[in-house]
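Peer 1: Handing you this structure, nothing more for now.
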Amino acid sequence: YWKVKFCMKWADKITAGNNYLAEFARQYNSNVYVIPTTIDTENYHNQTIHYEKEKLVIGWTGSHTTMHYLEELVPVLQQLEKKFDFTFTVISNEAPVCSLKSLQFVKWTKETEIEELLQFSIGVMPLKEDQWSKGKCGFKALQYMSLGIPSVISPVGVNTEIITNG
C-alpha cells in the first residue's frame, strides 16, 4: 500500500470514482478529478425486472473479496426464513459459506450477469462504516437501480449521494 502514495505524487493527473477517494488523493497531488461510476444503460443495463415472480428473490452480487459484508445480513435472513418463503441468491465468483436454507449460488459470468440480476425481486448492498467501504463507488447499487430492482443499500460513502431514500 505504501506505493500508492508515491504513485499519486508522481502522477500527472489522478481520477477517482468518488469524492472520498479524491480527497485522499489530494493529500499527495492537487490535480485530481472525480469521474463517478457509470452504467451502460444503452447496450447493457437496459432491461427491467418482471415483478410477476412466483417466489421472492433477495439478491446480492459481488466478488468473494466483498462477501464478508453479507455476514451481518445472515442473521436477518435467518429470521426472515422462519416466517417467509424466499430465495437468497448470491452471484459471485465463489460460493458463500453461510448457513441459510434459502441460499442459491450462481456463478458469475459476463454473459449471464444481466439475466441473473433480473431474477432479483430486491437487491441488497450491505456495507460497514469503515475506510474501505467509504471508498466504494456504488456500482452494485447503480446496477440494481438501472434494472429497476428495488434496492436496500447501506448509507455509507457515495451511496448517500446516489441513493434517495424512498
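Peer 1: Within the range 100-110, is there a residue that is under 20 Å from Ile39 (Cα atoms) and modelled with pLDDT under 95?
Peer 2: yes
Peer 1: Still on this structure, please answer the following. State which residue is farthest from Gln104 (Cα to Cα) when the search covers only the range 11-58 and only residues that are surrounded by fewer than 16 Cβ atoms within 10 Å (Cβ to Cβ) and among the aromatic types (Phe, Trp, Tyr).
Peer 2: Tyr33
Peer 1: Which condition breaks for Thr61 when tested against (1) open to solvent by less than 60 Å² (accessible area, probe 1.4 Å); (2) β-branched (Val, Ile, Thr); (3) more than 22 Å from Ile163 (Cβ to Cβ)?
Peer 2: Evaluating Thr61 over (1) open to solvent by less than 60 Å² (accessible area, probe 1.4 Å); (2) β-branched (Val, Ile, Thr); (3) more than 22 Å from Ile163 (Cβ to Cβ) leaves (3) as the failure.
Peer 1: Just the residues that are within 14 Å of Gly59 (Cα to Cα) and either in a loop (DSSP other than H, G, I, E, B) or of a type in the set (S, T, N, Q) (or both), please, taken from the range 113-166.
Peer 2: Across the range 113-166, the qualifying residues are Leu118, Gln119, Phe120, Ser121, Pro126, Gln143, Leu147, Gly148, Ile149, Pro150, Ser151.
Peer 1: Pairs, please: C-beta under 9 Å, at least 6 apart or cross-chain, first residue under 22 Å from Glu129 (Cβ atoms) and in the range 63-90, second of a type in the set (S, T, N, Q) and in a helix (DSSP H, G or I)?
Peer 2: Note: pairs meeting the criteria are Tyr69/Ser133.
Peer 1: Tell me, please, whether a residue that is at pLDDT 95 or above, under 16 Å from the mean Cα position of the chain (by Cα), surrounded by fewer than 17 Cβ atoms within 10 Å (Cβ to Cβ) and of a type in the set (S, T, N, Q) can be found in the range 71-92.
Peer 2: No, there is no match, as no residue in the range 71-92 is at pLDDT 95 or above, under 16 Å from the mean Cα position of the chain (by Cα), surrounded by fewer than 17 Cβ atoms within 10 Å (Cβ to Cβ) and of a type in the set (S, T, N, Q).
The values are calculated or read from the model by the stated rules, or taken from the named source; none is laboratory data. If you're wondering where the values come from, they're calculated on a predicted model, not measured in any experiment. Note that we place each Cβ from the backbone using ideal geometry, even for glycine, and neighbour counts take in every protein chain shown. Heads up: the accessible areas ignore ligands, DNA and RNA and are worked out on the full protein's heavy atoms, side chains in. Shrake-Rupley method; radii C 1.70, N 1.55, O 1.52, S 1.80 Å.
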